[in-house]
Amino acid sequence: MAGQISFEAPRGMRDFYPSDMVWRNKVFDAFRAAGEAAGFQPYDSCVVESYDLLARKAGEEVGEQIYHFFDKSERHIALRPEMTPTLARMVAQKQKELSFPIKWTTIAQCFRYERMTKGRKREHYQWNIDIVGEDSVLAEVEVIGAACDALRRMGLSSADFKVHVSSRRLLGEVLERSGVPAEKHSQVFLALDKRGKMPDSEISAMLADGGLASDLIAKVFEILSLSDIQAVRAYLGEELASSSKALADLAELFSLAEIAGFADCLMFDIGVIRGLSYYTGIVFECFDTKGEFRAVFGGGRYDNLLTTIGGEPTGAVGLGFGDVVVTELLKARLGENAVSSRKGVAVGFMMDEQRSAAVKLASRLRAEGEVVDLSLRAQKPKKFFSRADSSLAAKAVFLGPDDVESGFAKVKDLETREEVRICLT
Ligand code: HAM
């Protein structure tokens, strides 16, 4: 005899009940509106990708977390853990036809076989906005500005979140200045990206395993205490600082954000590294100001990804903004009941004799643009109103024999319990 099938979704996968969809829609609506407002064009692709495109061997977590399998023709395929390699593939495929810079956006379902912690699931939706084919730092400003706009549209302000901004190139220059050789930089980036997720002692051990002498490890931690751009400038010394393009780009980003009106959402944080190996320049990650949740979104400049997969050299910048953490943050800051799901009218009837009148009324209200949840069978009033109360409807009309005979019925507001008369003919 077959065993009982579990009612749980597979571990780490999510079911969205109607009450969850209300939140998901709120978040997706803000993603779409902010993307559209900033002129990003929608694109999409299949959640199944070729394994070779997604697998990277830089020791980064995402590369190790891929769900992959062989299809019936022994093709090695995978569920995408992120959208960026697919975007790079799609751009490379049409590189001659596209007119750059392109600004593209999508909400991609992604899968990562990762340890489940708060804010991390094995399946999530990730809003992506990317600008491909632009070297100017205005691309970063546009991308970060759109993400801040999405958060504002959801009801949060700069008091609730901050986008921590740094630059891998700048960190590289500072490391170089401290004597950490360039070939060790990617190892240092990977180790530092674990900060906050593991104790500093383990990070030191990782750096030592990577062949870094103890005096250099101490310098790496000293660098992390540089708390603003001025401190970095001083550390580099005037000569290096004034010739640093990375420093100039960062300063320009902050000044353009000021003009664009969202500088209050930004802060410099040299500790932002980003776990993905393809970032080359400015990197950023958004956190809630109380430090309660994991990163809300993250992204940066990745100028070499297209060449890595065989395309022409093309500068790019973008971000991924997941739905999981932001929904937790919204519930915490705005309250579990912040999204009013109630809309439309529930229409019910007492006996089969009133069914036609109910169908007619429902059709008329729908033609007028109203959302109508029509009862499918005759019901006692108590049962009808109790279901209507626990449904998504804002109002309810119940037709009994007297209503049909008189040609009038009462529409009840389910929140205020007020009633208004409507004509049935
Ligand atoms: P990422 O930092 O790996 O970047 O992910 C971006 C965001 O996706 C995270 O900040 C978080 O909101 C969400 N996220 C990631 N993994 C999970 C998970 N397991 N559960 C829930 N949410 C998650 C990227 O994926 C880059 N491809 C972003 C990008 C786009 N860079 C340039 N363009």
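Tabulated data for the structure shown
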| item | result |
| --- | --- |
| Filtered residues of the stretch 91-129 (kept if under 20 Å from Ser45 (Cα atoms), within 11 Å of the ligand (Cβ to nearest atom) and of a type in the set (A, V, I, L, M)) | Ala108, Ile129 |
| Those residues of the stretch 148-160 which are closer than 16 Å to Lys26 by Cβ and either of a type in the set (Phe, Trp, Tyr) or in contact with a helix residue (DSSP H, G or I) (Cβ under 7 Å, 6 or more places away or on another chain) (or both), in sequence order | Asp149, Ala150, Arg153, Met154, Gly155, Leu156, Asp160 |
| For Ala332: the one exception among (1) within 16 Å of the ligand (Cβ to nearest atom); (2) touching a residue at least 60 places away in the same chain (Cβ under 8 Å); (3) not in a loop (DSSP other than H, G, I, E, B) | (2) |
| Helices (runs of 4 or more DSSP H) contained entirely in the stretch 198-288, each with at least 3 residues that are surrounded by fewer than 19 Cβ atoms within 10 Å (Cβ to Cβ) and at pLDDT 95 or above | 245-260 |
| One residue from Val137, Val141, Val132 being closer than 30 Å to Ala248 by Cβ, over 21 Å from the mean Cα position of the chain (by Cα) and either within 13 Å of the ligand (Cβ to nearest atom) or in the same structural domain as Phe262 (by TED's automatic domain parsing) (or both) | Val137 |
| Enumeration of residues in the stretch 71-94 that are surrounded by 15 or more Cβ atoms within 10 Å (Cβ to Cβ), over 20 Å from the mean Cα position of the chain (by Cα) and in a strand (DSSP E or B) | Ile77, Ala78 |
| Residues of the stretch 284-294 satisfying the condition of being within 9 Å of the ligand (Cβ to nearest atom) and closer than 18 Å to Ala316 by Cβ | Glu285 |
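For every residue, the table says whether it meets (1) at pLDDT below 95; (2) farther than 30 Å from Arg75 by Cα; (3) touching a Gly at 6+ places or on another chain (Cβ under 8 Å); (4) surrounded by 13 or more Cβ atoms within 10 Å (Cβ to Cβ).
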| site | (1), (2), (3), (4) |
| --- | --- |
| Phe31 | no, yes, no, yes |
| Gly35 | no, yes, no, yes |
| Gly39 | no, yes, no, no |
| Val47 | no, no, no, yes |
| Leu54 | yes, no, yes, yes |
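Here's the yes/no breakdown for (1) over 21 Å from Ile273 (Cα atoms); (2) of a type in the set (D, E, K, R); (3) crowded, with 20+ Cβ neighbours inside 10 Å; (4) within 16 Å of the ligand (Cβ to nearest atom):
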position	(1), (2), (3), (4)
Asn304	no, no, no, yes
Ala316	no, no, yes, yes
Val339	yes, no, no, no
Ala346	yes, no, yes, no
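The values are calculated or read from the model by the stated rules, or taken from the named source; none is laboratory data. Bear in mind that the values here come from a model prediction, so they are computed numbers and not experimental data. Every residue, glycine as well, gets a Cβ built from its backbone with ideal geometry; the counts of neighbours run over all protein chains shown.
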